[in-house]
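Since the structure comes first, as structure tokens, the remarks are kept for the end.
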Amino acid sequence: MATSINVTNPATGELIQEVKANTETEINQALKKGYESFQKWSKVNAHERSRLLQDWSRKVKENKEEIAELMTLESGKPIKESLGEVDYAASYIDWYAEEAKRVYGRTVPTHSESKRIIVSKQPVGLVAAITPWNFPAAMMTRKAAPALAAGCTFVIKPAEETPLTTIRLIELAHETGIPSDVLQCVNGFGSEVGPLFTDSEYVRKLTFTGSTPVGKLLIKNSTDTVKHVSMELGGHAPLIIAEDADLNLAVEQTIASKFRNAGQTCICVNRVLVHERIAEEYAEKLTNEVRKLKVGDGLEKDTQVGPVINEQGFDKIVSQVNDAIDKGAEVLYGNHYQSNKERGCFFVHPTILKNVDVNMKIMHEETFGPVIPITTYQENEQAVTIANSTPFGLAAYFFTNDYRVGTFFHEHLDFGIIGWNDGAPSAAHAPFGGMKESGLGREGGSEGIEPYLETKYVSIGNL
Ligand code: ADP
């Protein structure tokens, strides 16, 4: 197993910190501690757990600037977005601090006067989490907060690219009184730590956010111990612009969705389907706005598009753009790159492609970069068919002010998250998650605590 992880700044390639990777023994010990501390933590009353979560959230907000800077350093995310992510991360803790007090059971009317049936909820046990680098704070809190609120204990392995934000968030949690055995962080590479989590009999639930291939592997590896699994996997979001759409709004929201974190979120627009009658006008307006975006180091205050995370991500984006161009796509803007392989920093400038068709890789594979491929359609049914022709089903967007068209799209798009005239649909109080190969389960909302709960009923007889 690796003994250390070099955390570098993707904007400059500089080493930020060398983080010790945990040994197999240490990770197994952490799982054992998490398992043992469950007995105590699950008995702490819900109001007390809620209070501890509220204190944690307060600490996170008090340290917002410091956490955001750390996040930008290790992920490359523009500082404004990192500041926003700290608030977003804290909003999950706030939400589940409240939901902790609302884990209700029920009574069921029985078939006999001498019986009673009572249904109750209890925490599933020790939860193991694996998180990605694109939201180093929010992906952690949207799992840890409902788990702790439900009475579960929690061990997390953050992405090797961005462990520092998670380590800091956990320190703050411990400072507020959340016991160190209840909320733990272990570090290492996914392929090494993953099997220790999935093989462990101490772990009752595995929650993962990351790529679909790794998610599938984790589901398979969880079968021997029949773990509960929650999977937040890849996406390939379509954005449909109907003939009647408010084009200025559509352009503004396309940009909001596409360029967030340099296009590296699982709900970023991955393909634009625009009605053929308005396609030229949309493309022109979009290009005029995209031109204004400032690319640079995320620590500079006016940066809007930072670097992409690493060489692998960079190469994938370039290969998708080249494949589209080879197959007939036209570059409307961009296709410009700045990279330094030796130093390890990679920038992709915003790019717009038109005349894109379904034979191009970019129309099927998740891009995770600031590239907008535009294709056109004639009928709403055709737009839905193209939009749904993907194994993914995470987020979809459409723009229309015609309620009939909107209702048609809403009802026919096979995606868990729909943005109707809205390019930024995420919120701690809404159930985020995907259909098909985009995942299992929901995070956020009242749904987001359910995956951490078991249902138990008692039938009392002979009354
Ligand atoms: P990405 O390609 O965006 O980095 P991954 O799915 O590879 O997405 O990574 C997301 C998280 O999954 C990271 O924490 C990473 O360490 C972890 N990971 C990667 N490979 C494995 C694996 N084989 N088993 C368990 N976790 C893994």
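Structure values in brief
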| item | result |
| --- | --- |
| Segment 372-422 - Debye-derived log10 I(q)/I(0), Cα point model, q = 0.14, 0.22, 0.26 Å⁻¹ | -0.33, -0.84, -1.17 |
| Helix 24-41 axis, angle to the chain major axis (alpha carbon atoms, nearest 10°) | 60 degrees |
| Approximate spin-label separation residue 312-residue 17, in nm, with each point projected 7 Å along Cα-to-Cβ | 2.3 nm |
| Simple label model, 7 Å out from Cα along Cβ direction - residue 248 to residue 385, nm | 3.6 nm |
| Descending semi-axes in whole angstrom, ellipsoid equivalent of segment 49-91, from the Cα gyration tensor | 22, 9, 7 |
| 0 to 90° range, to nearest 10: angle between helix 190-199 axis and the chain longest Cα axis | 30 degrees |
| Segment 351-463 - share of DSSP beta bridges that are antiparallel (%, nearest 5) | 30 percent |
| Segment 319-463: proportion of alpha-carbon pairs further apart than 23 angstrom, % | 53 percent |
| Relative contact order of segment 228-319, pairs being alpha-carbon contacts under 8 Å that are 6 or more residues apart, as % | 27 percent |
| GluC sites (Glu not before Pro) restricted to segment 98-150 and DSSP loop, no more than 10 other C-beta within 10 Å | 113 |
| Sparsely packed trypsin sites (Lys or Arg not before Pro) within segment 26-134, loop by DSSP, other Cβ within 10 Å at most 11 | 43 |
| In Å, descending, principal axis extents of the Cα set of segment 115-197 | 56, 31, 22 |
| Sites matching GluC sites (Glu not before Pro) across segment 172-232 that sit in DSSP coil, with at most 12 neighbouring C-beta atoms within 10 Å | 201 |
| Gain upon complete extension [residue 48, residue 414; 0.36 nm per residue less C-alpha separation] | 127.7 nm |
| Two-decimal Rg/Rh across the chain, once Rg and the Kirkwood Rh are taken from alpha-carbon atoms | 1.00 |
| DSSP-defined antiparallel bridges as percent of all bridges, segment 50-202, nearest 5 | 25 percent |
| Kirkwood Rh, Cα atoms: Rg over Rh of segment 39-188 | 1.09 |
| The chain: antiparallel DSSP beta bridges as a percent of all, rounded to 5 | 45 percent |
| Theoretical gain in end-to-end length, residue 87 to residue 25 [0.36 nm per residue, Cα-Cα removed] | 18.8 nm |
| Cα-based reach from residue 121 at 20 Å (exclusive), listing lysines while leaving out same-chain residues under 8 positions away | 40, 43, 101, 143, 205, 227, 456 |
| Folded to 0 to 90 degrees: helix 212-221 orientation relative to the chain principal axis, Cα | 20 degrees |
| Fully extended contour minus Cα-Cα distance, from residue 458 to residue 284, at 0.36 nm per residue | 56.2 nm |
| Within the chain: Cβ-based charge dipole about Cα centre, in debye rounded to nearest 20 (Lys, Arg +1; Asp, Glu -1) | 1580 debye |
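The numbers here are math on the coordinates, done by the rules we state, and not lab data. Nothing here was measured: the structure is a model prediction, and the numbers come from that model. Every residue, glycine as well, gets a Cβ built from its backbone with ideal geometry; the counts of neighbours run over all protein chains shown.
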